[in-house]
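Peer 1: Encoded as structure tokens, here's the structure I'll be asking about.
The values are calculated or read from the model by the stated rules, or taken from the named source; none is laboratory data. No experiment lies behind these values; they were computed from the predicted model shown. Glycine also receives a Cβ, built like all others from the backbone with ideal geometry; neighbour counts cover every protein chain displayed.
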């Protein structure tokens, strides 16, 4: 195996991704797990991280750079937010070293919008955005970043100027598993196919009139009781409705035009279809690639292995 220069981790709310990166910025080993913030206690972060690095064969002195929820108040070490507007390069330089850990572990900060009436925060996405800038150049961009908490972000020449969070992924999970809609979707809802007619139909409902979303949600339940809406179609309906509402709201807040869709996995096809239907010109980039690029840019500034510390 090619020698790793550093370890990189994106520690999300529900998922953890860890890579070993060589001195060219290429990944040489990778692990993914469900050990996100929600399943790891405060004292468990170091144990989980060291176990995974051991499984990857990382030396005990290999430095590491981490972004995401490991830096939150409930995480490994709380790292203060950087206030927006903020240059992405400044965000990357504001990492904090984890104390009392043998290896050098640096955790990146999140970003905060301290605006009365619409406060907002992010952790992890700012690192992906640094990767977007490295991949596409700085410029003026609107980015859509689907996930547990979807972010819509405005960038101006390498500066993060504004953003908004929609709890689309978390709402889907909560409603599918812990509301009356669980009876309609069944115990294990399958992956939603964007070509399913129910997805497109309910996506259209969300895009056209997002204001009465709670009334529309109950119609999914009623549709099963009165018209035999099947579990897979109910799941597609819920997904389409929530994504449609998110995009309609984001369009009012952040405008239309071109959007950079930062996404990996099955969500990509759902959002690609939804954004296109909403009238956006869509440019898709891989979320895994952008976070690795952002972490690599941070490592070059912060880690002993990067030569700039």
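Peer 1: Right, residue 225: part of a helix (DSSP H, G or I) and surrounded by 17 or more Cβ atoms within 10 Å (Cβ to Cβ) or not?
Peer 2: It is false that residue 225 is part of a helix (DSSP H, G or I) and surrounded by 17 or more Cβ atoms within 10 Å (Cβ to Cβ).
Peer 1: Right, something else. Can you name the number of the only condition in (1) over 17 Å from residue 141 (Cα atoms); (2) surrounded by fewer than 24 Cβ atoms within 10 Å (Cβ to Cβ); (3) modelled with pLDDT of 95 or more that residue 283 fails?
Peer 2: Unmet for residue 283, out of (1) over 17 Å from residue 141 (Cα atoms); (2) surrounded by fewer than 24 Cβ atoms within 10 Å (Cβ to Cβ); (3) modelled with pLDDT of 95 or more: (1).
Peer 1: If you scan segment 111-135, which residues turn out to be in contact (Cβ under 8 Å) with a residue 40 or more places away in the chain and either surrounded by fewer than 16 Cβ atoms within 10 Å (Cβ to Cβ) or outside any helix (DSSP H, G or I) (or both)?
Peer 2: Result: 111, 113, 118, 120, 121, 122, 123, 124, 135.
Peer 1: Among the numbered criteria (1) within 30 Å of residue 28 (Cα to Cα); (2) in contact with a helix residue (DSSP H, G or I) (Cβ under 9 Å, 6 or more places away or on another chain), which single criterion is violated by residue 266?
Peer 2: (2)
Peer 1: Next question, about the same structure. Got a number for residues in segment 1-18 being within 21 Å of residue 122 (Cβ to Cβ) and either in contact with a helix residue (DSSP H, G or I) (Cβ under 8 Å, 6 or more places away or on another chain) or buried (at least 20 other Cβ atoms within 10 Å of the Cβ) (or both)?
Peer 2: Residues meeting the conditions: 10.
Peer 1: I've got another one for you. Can you tell me how many residues in segment 76-110 are surrounded by fewer than 19 Cβ atoms within 10 Å (Cβ to Cβ), assigned to a helix (DSSP H, G or I) and touching a strand residue (DSSP E or B) at 6+ places or on another chain (Cβ under 9 Å)?
Peer 2: Residues that pass the stated criteria total 1.
Peer 1: Does segment 160-170 contain any residue that is modelled with pLDDT of 95 or more, in a loop (DSSP other than H, G, I, E, B) and under 25 Å from the mean Cα position of the chain (by Cα)?
Peer 2: Yes, there is a match, as at least one residue in segment 160-170 is modelled with pLDDT of 95 or more, in a loop (DSSP other than H, G, I, E, B) and under 25 Å from the mean Cα position of the chain (by Cα).
Peer 1: Still on this model: Can you find a residue in segment 235-248 that is crowded, with 19+ Cβ neighbours inside 10 Å, within 20 Å of residue 140 (Cα to Cα) and outside the structural domain of residue 106 (by TED's automatic domain parsing)?
Peer 2: yes
Peer 1: Still on this structure, I have one more. Here's a check for you: in segment 269-292, which residue that is under 12 Å from the mean Cα position of the chain (by Cα) and assigned to a helix (DSSP H, G or I) is nearest to residue 145 (Cα to Cα)?
Peer 2: Only one residue fits best here, namely 287.
Peer 1: Taking into account only those residues within segment 41-75 that are touching a strand residue (DSSP E or B) at 6+ places or on another chain (Cβ under 9 Å) and either without any contact (Cβ under 8 Å) to a residue 24 or more places away in the chain or part of a strand (DSSP E or B) (or both), which is nearest to residue 122 (Cα to Cα)?
Peer 2: 68
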